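Each remark here refers to the structure printed beneath this line.
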Amino acid sequence: MQFYETPTPNDEEKPSEPIPAETEAQVPKDRAAAKKAISGGFRLTVFQTLVCVLILLAAFFLRGFLPELYGELRAIYDAELNRSVLILQDDVPYS
C-alpha cells in the first residue's frame, strides 16, 4: 500500500529555490558513484539466483545418482504440497 503526502497550501506557495553552482557540479559525480556502487537489491537477486542454482544442481545429482532417495524426497514433497492446498466447495465453479 502506498501513501502519498499531500502538499499543504504553504508548500505550494513557496517558490522552488535554485540549486547552487557547486551542488550542480557534484550531481554527475554522485550519479557516477551511485552507478558503480552495488545496491542491496542486486546483491539479494544474485544470492537468490545462486541458491536456486544450487538447489537445481542438487536435484539433478539426486535424480541421476540416487534415484531411490530422489523418489522418496519427491513423494514427501508432493504429499506436503497436496496437504497444504485446500479446495473448498465454493472454489469450484458450477458444482
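Every read-out reported here was derived from the displayed coordinates using simple, explicitly stated rules and does not represent laboratory data. Model, not experiment: these values are computed from the prediction. Glycine also receives a Cβ, built like all others from the backbone with ideal geometry; neighbour counts cover every protein chain displayed.
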If you plug each phi of segment 79-86 into the Karplus form 6.51 cos²θ - 1.76 cosθ + 1.60 with θ = phi - 60°, what whole-Hz ³J(HN,Hα) values come out, in order, with x for Gly and Pro? 5, 5, 5, 5, 6, 7, 8, 10
Prolate/oblate/rounded label for segment 39-95 (Cα gyration tensor, a/c 1.5): oblate
In whole Hz, what ³J(HN,Hα) sequence does segment 45-61 give by Karplus (6.51, -1.76, 1.60; θ = phi - 60°), x for Gly and Pro? 5, 5, 4, 4, 5, 4, 5, 5, 5, 5, 5, 5, 5, 5, 5, 5, 4
Distance in nm between pseudo-label sites at Ile87 and Thr49 (7 Å out along the Cβ direction from Cα): 3.7
